[in-house]
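Heads up, the thing below is written out as structure tokens.
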Amino acid sequence: MKIDRLIGILSVLLQEDRTTAPELAERFEVSRRTINRDIEALCKAGIPIQTSQGFGGGIRIMDGYRMDSTILTSKDMQMILAGLRSLDSVSGSRYYGQLMEKLQTGLSEFVSGRDSILIDLSSWYKNSLSPKIEVIQSAIENRHLLEFQYYAPSGESSRKIEPYYLVFQWSNWYVWSWCMEREDYRLFKLNRMDRVFETEHGFICRDVPMPDLSNEKIFPGGIKVKALFTPDMKWRLVEEFGPHCFTEADDGRLFFTADYTDMENLVTWLMTFGAKAEVLKPKEVRDIICRNAEETLRIYRED
């Protein structure tokens, strides 16, 4: 990702007298054009970088400039490294590991003590996620269209998108993009994407709005749920909805209330509790669960 590469380039420039765009491009496995854009971004951020052509030329930080030690404290470096490790957990290459090594070598005086935060973003799907993330990152960097097969509740479809951001939210990875089919911005879930392919077709970057990832936007509610759960299911309610989602009823069961956004997901979730949950409202949910239970019972009786 760009911010990680910028930190890495700055670290190199602080350690070495001078370097060149080809050397940086090879080191960070990107094009010279990308390195030139990164140098421009560092200059805009106030880093006094000097470039010169010809024999003895190259890229260097102007004489007299040193990073103020108050900018990066030991805690700052621990947080940066924790973030890089989390990205490394879903990376299909050694890029983030190599970047951590460079930072630790160049700024060792800022790194002390033991790690206190360990983040693994890979979940159960690292083997399938890593290749997708690598392809999507490459397409974002190169401004190339992505093609893939998408599996949604509404059915299967072929999609072509302009990818802009990789997003980790709600324990899942998504790509925020402009969908050519819908002619609008869409958030696609990586676990539902298959045969992800970076095309050779470029696109002109739009003035992309940041995705609204608030719970109110993604999970707008609308279905008022009331249900009773047996006391031994308290841990699940606390884990999934927090300790204030229920009160204790007179018979000892847990009276649960919440707003839900999707009827199908709500029914599926409630049925995972089996006889340990009784739905009070809405009546439609009671009816669906009753029909599902009857159909399931019929299948097993036939066997």
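Does the range 256-267 contain at least one residue that is more than 15 Å from L228 (Cβ to Cβ), loosely packed, with under 11 Cβ neighbours inside 10 Å and within 29 Å of the chain's Cα centre (by Cα)? Yes, the range 256-267 has at least one match.
The set of residues in the range 272-294 being within 15 Å of T230 (Cβ to Cβ) and either in contact with a strand residue (DSSP E or B) (Cβ under 7 Å, 6 or more places away or on another chain) or surrounded by 15 or more Cβ atoms within 10 Å (Cβ to Cβ) (or both) consists of F273, K276, A277, E278, V279, L280. Restricting the range 127-165 to residues that are among the aliphatic types (A, V, I, L, M) and closer than 20 Å to R37 by Cα leaves a set whose member that is surrounded by the fewest Cβ atoms within 10 Å (Cβ to Cβ) is I140.
So which residues in the range 159-170 are farther than 22 Å from I3 by Cα and at pLDDT below 95? Once the filter is applied, which keeps residues that are farther than 22 Å from I3 by Cα and at pLDDT below 95, the range 159-170 yields only W170.
The values are calculated or read from the model by the stated rules, or taken from the named source; none is laboratory data. For clarity, every value in this text was computed on a predicted model and none was experimentally measured. Neighbour counts are summed over all protein chains in view; Cβ atoms, including those assigned to glycine, are modelled from backbone coordinates with ideal geometry.
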